[in-house]
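The values are calculated or read from the model by the stated rules, or taken from the named source; none is laboratory data. Keep in mind that this is a model prediction, so the values were computed, not measured. Cβ sites come from the backbone with ideal geometry, for glycine too, and all protein chains shown count toward neighbours.
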């Protein structure tokens, strides 16, 4: 027997597929993990005990950088956030919630606008105008599948784990089928009554993409922001963090403090009013220590 290290690329029914130097080995987890209340996750860096008879076991999980999604993916470097133009309708509030969540988790985000062919040219132009603001504050934005397919492989760095995220029905499985031709993910119809999609992805799996790995996860429409420390919230709005250097008080929360540069820029239109409004909504959510009912 010998030990080797690799990355969990798939998990189902108690078995874990581990990529070790380009070869995928199926393993089971040792019972010691249950005693430690540890559960191996797709994306985990692990040590595997290899047996010539095919009885391979996970024996160690290396420390994680993060856990993202439901079900979770570990050690995510970047998120491709899929936001739909329609069905479900485009929402800056939802977009800001996701961006705040991933900023809090220390994960980079690229934004992809899906279903652009289902809206009028006028509506699409309005949405693109809004998204230009997000580009200006530092986010990469894709507004066509062709552009995404052409540019994304160059953005995925060696051994990085990327995951798709976004509300149900936004089209994550559809775009994954385009990005990874062998993924064969099932796509589902929109539930128009609820204006949200049915969950169609049944397990987490990592696929080779570019120099790294791409995960598909079930869409989740709720992100828990009420656990964020309220005094740290301004740091997760990128333009606020930059603008706050001009605030009179170092610990400015951009509410009622005199000499607040963030509020000054909001009044001038340099910071979008909707971003500031969403910041206040998230603050209230944290203060109430609960997720708003409409996001559950």
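Points to keep in mind about this one:
- Residue among 99, 41, 113 that is under 19 Å from the mean Cα position of the chain (by Cα), modelled with pLDDT under 95 and surrounded by 15 or more Cβ atoms within 10 Å (Cβ to Cβ): 41
- Restricting attention to the range 14-32, the residues being in a strand (DSSP E or B) and more than 14 Å from residue 213 (Cβ to Cβ) number 8.
- Residue selection: residue 288 fails the criterion of being under 26 Å from residue 83 (Cα atoms), surrounded by fewer than 18 Cβ atoms within 10 Å (Cβ to Cβ) and modelled with pLDDT under 95.
- In a residue-by-residue description of the range 64-79, the property of being in contact with a helix residue (DSSP H, G or I) (Cβ under 7 Å, 6 or more places away or on another chain) and surrounded by fewer than 19 Cβ atoms within 10 Å (Cβ to Cβ) applies to no position.
- Screening residue 61 against (1) on the phi > 0 side of the Ramachandran plot; (2) buried (at least 16 other Cβ atoms within 10 Å of the Cβ) leaves a single unmet condition, (1).
- For residue 130, the test of being crowded, with 18+ Cβ neighbours inside 10 Å and either farther than 20 Å from residue 241 by Cβ or without any contact (Cβ under 8 Å) to a residue 60 or more places away in the chain (or both) is failed.
- Yes/no for residue 265 being at pLDDT 85 or above, closer than 19 Å to residue 73 by Cα and surrounded by 15 or more Cβ atoms within 10 Å (Cβ to Cβ): no
- Conditions (1) part of a loop (DSSP other than H, G, I, E, B); (2) surrounded by fewer than 15 Cβ atoms within 10 Å (Cβ to Cβ); number of the one not met by residue 223: (2)
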